[in-house]
Amino acid sequence: MNIEQIYKDANALLEGHFLLASGNHSARYLQSAKVLEYPEKAAQLTDALAKMIKEAGIEVDTVCAPALGGVLAGYELARSLGVRSIFVEKQDGGMVLRRGFEVRPNEKIIICEDIITTGGSALKAAQAIEALGAEVVAFASLANRGFCRREGSQIDAKPECKLPSDVPFFSLEDFTFEMYAPDICPMCKEGSSAIKPGSKG
Ligand code: ZN
């Protein structure tokens, strides 16, 4: 399965000249929600992710996603694994379990995101779950921006990665894009101007 092509076909992998939230510029941008627009495509992706997790021998009771970004990916991964799906929500700088969701002590949980950049939200979700006595057995995401090291990848974790190194991280693909400070951006040098991804021109 060509993951990059699936993202391109879904207009989830944009090419151009983008201004990122960090202030840096990039020639590519991952609009990760777009790849989940069609449930059939989403299921194809999470089936592949579930296969990796099963083949690694990870036992899992429940998938937990950080809202909002991870909810669809988490729900589809739970379906692919045949387990239940819950999500945590932002509150006071951390994440909390609400809406009557519960976890048992020692329940085996996978934290799932649509995309892992540095893993900050995933880590907060894991902390919320562990504070309730459950066990985080793995992290998972459809796409990996290349800051954290996914299982089977040759790309090492960068210092920005917030995921714990002793818990496996499963992801379908590394999307490592060059980022440039505006003053050294080669696209700016060629005279084009960076646009915010998602803006209508
Ligand atoms: Zn630029």
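The values are calculated or read from the model by the stated rules, or taken from the named source; none is laboratory data. Computed from a prediction, not measured in an experiment: that's the story for all the values here. As a convention, Cβ positions derive from the backbone with ideal geometry for all residues, glycine included, and neighbour counts pool all protein chains shown.
Values as computed for the structure displayed
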| item | result |
| --- | --- |
| Selected residue [within 18 Å of D174 (Cβ to Cβ), of a type in the set (V, I, T) and either in contact with a strand residue (DSSP E or B) (Cβ under 7 Å, 6 or more places away or on another chain) or at pLDDT 95 or above (or both)] from I58, I3 | I3 |
| Which listed residue is surrounded by 14 or more Cβ atoms within 10 Å (Cβ to Cβ), away from the ligand (no atom under 16 Å from the Cβ), hydrophobic (A, V, I, L, M, F, W, C) and over 18 Å from A50 (Cα atoms), from I195, I155, I129 | I129 |
| Yes/no for S85 being surrounded by fewer than 24 Cβ atoms within 10 Å (Cβ to Cβ), among the hydroxyl-bearing types (S, T, Y) and more than 13 Å from the chain's Cα centre (by Cα) | yes |
| Test: residue in segment 160-181 that is within 16 Å of the ligand (Cβ to nearest atom), without any contact (Cβ under 8 Å) to a residue 24 or more places away in the chain and part of a loop (DSSP other than H, G, I, E, B) | no |
| Hits in segment 121-148 - residues which are in a helix (DSSP H, G or I) and either in contact with a Ser or Thr (Cβ under 8 Å, 6 or more places away or on another chain) or of a type in the set (A, V, I, L, M) (or both) | A122, L123, A125, A126, A128, I129, A131 |
